[in-house]
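Trainee: Please find one structure pasted underneath; my questions will follow.
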Amino acid sequence: MAKATHSPDGSDSLLKLISDRGAIEFDHEREGAWIEVIRKMDEVYSDLLRYEVDLEHKNAELEEAQAFVTNVIESVSDILIVCDAKGQIQQVNSALQRTLDRANDEIVGWRMADIIDAADGAKLMSLLKPRSPSEVVDGELRFLTEGGSSDLFAINSSPRHDHRGRFIGVVLTGRPIGELRRAYEALHTAHQELQRVQRQLVEQEKMASLGRLVAGVAHELNNPISFVYGNVHTLMRYRTALTSYLDAVHGTSISSEAAALKKSLRIDAILEDLGPLLDGTMEGAVRISEIVKNLRRLSLSKLGEFDRVNIEPLINTAVLWAVRTKQVRLDIHMDIEADLWTCGNEGQLHQVIVNLVENAIDATRGTQEPRLKISARRNQNEILIRLSDNGPGIEQHNIGRIFEPFFTTKRVGEGTGLGLWISYGIVREHGAELTVVNAPEGGAIFSFALPAA
Ligand SMILES: Nc1ncnc2c1ncn2[C@@H]1O[C@H](COP(=O)(O)OP(=O)(O)O)[C@@H](O)[C@H]1O
Ligand SMILES: [Mg+2]
């Protein structure tokens with residue numbers, strides 16, 4: 001069939017074509033009908049041509065819009081992944097391609113599980129799960145890269161639904177948070193460290209001011225106690241002299257008046273009492289002056305000479321010493337590495353161990369099978385010394401007070417409350433901190449770390 005040429009508006013070109021041929025005869029009526037049909041066809045044809053032009057316009061606009069959307073998606077720095085309902089990747093943007101270091105064609109068609117770290121499988125499941133249109137799910141994923149795992153990405157997953165409301169997949173967007181997370185963790189650690197140092201400073205300040213107070217009191221007590229002590233000594237001498245004299249006087253016959261006075265004043269009973277009274281006073285004076293001496297030694301004098309100290313014999317002698325003075329049966333388990341040396345004052349460190357062992361002995365008195373474990377180990381540049389007993393441990397409300405001077409839960413005469421305070425001071429002078437915790441299985445654990453020499 002010959003091709004129809006048409007004028008710009010598309011009119012009468014078909015009419016012309018048919019009349020050009022001139023091969024068909026029409027009677028008048030039928031000719032009218034045919035012309036009508038041809039006119040209609042002509043109209044339809046020109047409509048068609050108009051639609052085609054419109055369509056071409058629309059196509060061009062569509063292409064432009066698509067290029068715009070693609071350009072926007074590609075320019076977004078966040079990663080973008082479009083998946084179907086089974087988790088198969090349908091489209092990704094170049095941010096993801098850069099992260100994975102792979103081209104778009106390589107990635108499309110893979111399953112999501114193929115591009116993420118295997119450890120994040122469970123998180124991926126929740127990001128891909130079918131759900132209602134408004135339900136956005138958050139998660140964190142690591143992608144698999146050439147070099148292993150990528151940084152951590154914060155992912156938002158939005159569900160996609162078709163026009164009938166059926167779930168057809170998800171759109172995942174994400175941005176790296178590794179840097180942020182690391183910065184946050186560093187901040188958190190620094191904050192905790194700050195709090196710890198602050199607590200330690202408060203504790204040290206408390207101890208230091210208590211120390212000053214105690215030093216002042218000890219200084220004030222030193223004078224009176226030394227003359228009480230001296231006077232009691234003199235009084236004891238006087239008593240001996242007086243008793244011998246009175247014995248001599250009473251040996252000879254005395255007047256009946258004097259004998260009556262002696263009886264009414266109960267001179268014999270007084271003479272008998274005098275000895276124990278003075279002995280008791282003397283014992284009290286000795287105890288007070290011991291306490292004062294202890295306080296003054298620690299408060300006023302700095303530690304003596306520092307020297308190399310071998311830990312194993314130090315602990316062995318201190319334990320022997322403590323057990324001998326307390327005279328008790330206690331199962332002591334020693335776990336001490338050989339050849340551990342620190343730099344310090346041997347006498348003072350000896351006293352610390354004696355104090356701690358004595359406390360453990362006191363604490364385990366009511367225990368069926370009293371036990372004390374002492375260990376000393378090297379840990380890098382430190383020697384960690386630990387004493388753990390199976391006593392009742394320390395009551396929670398006392399745990400912040402046991403290092404205070406004069407804090408004791410023992411009966412009068414059994415404890416001075418100075419042992420731990422003195423030990424705390426000595427350990428601190430050695431550049432360490434004496435700490436205590438209650439063991440989960442019961443009992444107290446005292447520990448400190450001396451610098452290794
Ligand atoms: N191993 C321990 N188990 C339980 N409590 C302890 C232990 N060591 C010390 N304590 C508690 O700490 C207090 C203070 O001890 P310390 O300063 O040595 O003084 P003291 O032994 O004279 O009481 C003790 O009275 C006791 O309550
Ligand atoms: Mg004690």
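The values are calculated or read from the model by the stated rules, or taken from the named source; none is laboratory data. What you see is a predicted model; the values in this text were computed from it and never measured. A quick note on method: Cβ atoms are made from the backbone with ideal geometry, for glycine too, and the neighbour counts reach across all protein chains shown. Ligands, DNA and RNA are stripped out before the accessible areas are found, and what is left, the full protein with its side chains, is counted by its heavy atoms. Shrake-Rupley method; radii C 1.70, N 1.55, O 1.52, S 1.80 Å.
Trainee: Considering every residue within the stretch 404-422, establish whether at least one is under 15 Å from residue 349 (Cα atoms), more than 7 Å from ligand 1 (Cβ to nearest atom) and either among the acidic types (Asp, Glu) or surrounded by 13 or more Cβ atoms within 10 Å (Cβ to Cβ) (or both).
Mentor: yes
Trainee: Which residues, counting only those in the stretch 371-405, are farther than 23 Å from residue 340 by Cβ, in contact (Cβ under 8 Å) with a residue 24 or more places away in the chain and within 16 Å of ligand 2 (Cβ to nearest atom)?
Mentor: Matches in the stretch 371-405: 391, 392, 393, 394, 399, 402, 403, 404, 405.
Trainee: Given the residues 62, 55, 48, 80, which is the only one that is open to solvent by less than 80 Å² (accessible area, probe 1.4 Å) and hydrophobic (A, V, I, L, M, F, W, C)?
Mentor: That would be 80, the only listed residue that is open to solvent by less than 80 Å² (accessible area, probe 1.4 Å) and hydrophobic (A, V, I, L, M, F, W, C).
Trainee: Sticking with this one: Go through the stretch 374-397 and count every residue that is near ligand 1 (Cβ under 8 Å from one of its atoms), in a loop (DSSP other than H, G, I, E, B) and open to solvent by less than 90 Å² (accessible area, probe 1.4 Å).
Mentor: 3
Trainee: Being at negative phi and more than 16 Å from ligand 2 (Cβ to nearest atom) is the requirement here; does residue 321 meet it?
Mentor: no
Trainee: Here is a list: 316, 294. Which entry is surrounded by 14 or more Cβ atoms within 10 Å (Cβ to Cβ), part of a helix (DSSP H, G or I) and touching a strand residue (DSSP E or B) at 6+ places or on another chain (Cβ under 9 Å)?
Mentor: Testing whether each residue is surrounded by 14 or more Cβ atoms within 10 Å (Cβ to Cβ), part of a helix (DSSP H, G or I) and touching a strand residue (DSSP E or B) at 6+ places or on another chain (Cβ under 9 Å) leaves just 316.
Trainee: At pLDDT below 95, farther than 26 Å from residue 312 by Cα and in contact with a strand residue (DSSP E or B) (Cβ under 9 Å, 6 or more places away or on another chain): does that describe residue 394?
Mentor: no
Trainee: Conditions: (1) open to solvent by 30 Å² or more (accessible area, probe 1.4 Å); (2) near ligand 1 (Cβ under 8 Å from one of its atoms). Residue 400 meets all but one. Number of the miss?
Mentor: It fails just one condition, (2).
Trainee: Can you report the number of residues in the stretch 319-363 which are within 34 Å of the chain's Cα centre (by Cα), open to solvent by less than 40 Å² (accessible area, probe 1.4 Å), among the β-branched types (Val, Ile, Thr) and under 13 Å from residue 387 (Cα atoms)?
Mentor: 6
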